[in-house]
Amino acid sequence: MKRLTVGVVALMVLAVMMMMNCQSHTSALPIPKQLPSNVLAFVEGFLLGIEADVGNVTSCTKDAKITLNDFENAFYSLEYGFKKMNPQLIETGLKELAAGIEEIKQGIEDCNVKGIIKQIESLIAQLKSGTLGIIKVLVHETINIFHNSENLTNEFKNAIQYWKDKKYELCGVQVGMIVGVLLE
């Protein structure tokens, strides 16, 4: 009886080990890489906003490592900069926005946008060094953001609202439009 019990236990252990081995092989199957849906929507919107025709965004960003953390920080700083009429918060938000745009730039390098990539790199450097020259932040009863006499305040506020509403593609479009204007 004791040998029978030991034999049954041994068979059960063997069966469990075989099941675990099968599960480890199953989980090792390659899973197609793709950006999270909110990130993909944002990138698609961004490319629409800068009017870049790249075809299938999913395939050209399949190896990208993009998060939206810098945009989260940027929109927070920008929103409170507008609310508190604080140009320093606006400048901080613009620097954080530059970090987010840099991440997007790295993620879209395989998307046939080489000419725009070079321009975006220059824009990122300018935004990170501060707003003087590229953007003017004016405080007079409200905060307005200008580039070459073009008021971008509504585009920034729309991007913030779309972000808060989790409308990532529309937010990306606004950010892309802002970048497009800043590249002019």
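Summary table
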read-out: Protection proxy ranking of 135-147, 61-73 - average other beta-carbon atoms within 10 Å, highest first; value: 61-73, 135-147
read-out: Built amide H within the under 5 Å cut-off of LYS62, gap 5+; value: none
read-out: Formal net charge of residues neighbouring ILE66 (Cβ-Cβ distance under 11 Å; K, R +1; D, E -1); value: -2
read-out: Rg(Cα)/(2.2 N^0.38 Å) for region 74-184, N = residue count; value: 1.02
read-out: Projected label distance in nm at GLU184 and GLN106, using a 7 Å step from Cα toward the beta-carbon; value: 3.1 nm
read-out: Separation between Cα centres of region 44-88 and region 117-184, rounded to whole Å; value: 10 Å
read-out: HN-Hα J in Hz across region 117-130 - Karplus 6.51, -1.76, 1.60, θ = phi - 60°, x for Gly and Pro; value: 4, 4, 5, 5, 4, 5, 4, 4, 4, 5, 5, 5, 7, x
read-out: Region 82-115: trypsin sites (Lys or Arg not before Pro) in DSSP coil with no more than 14 other Cβ atoms inside 10 Å; value: LYS84
read-out: Proximal lysines relative to LYS136, as straight alpha-carbon distance under 26 Å, when same-chain residues fewer than 8 apart are discounted; value: LYS83, LYS84, LYS95, LYS105, LYS118, LYS128, LYS157, LYS164
read-out: In sequence order, calculated HN-Hα J values of region 138-145 (Karplus, 6.51, -1.76, 1.60; Hz; x Gly/Pro); value: 10, 10, 7, 6, 7, 9, 10, 10
read-out: Using θ = phi - 60° and Karplus 6.51 cos²θ - 1.76 cosθ + 1.60, couplings along region 73-78 (whole Hz; Gly, Pro as x); value: 5, 4, 5, 5, 4, 5
read-out: Gain upon complete extension [ASN148, LYS83; 0.36 nm per residue less C-alpha separation]; value: 21.0 nm
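Coordinate-derived values only; no laboratory data. Only a predicted model underlies this, so the values are computations on that prediction, with no experimental measurement involved. All Cβ positions, glycine included, derive from the backbone under ideal geometry; neighbour counts span all protein chains shown.
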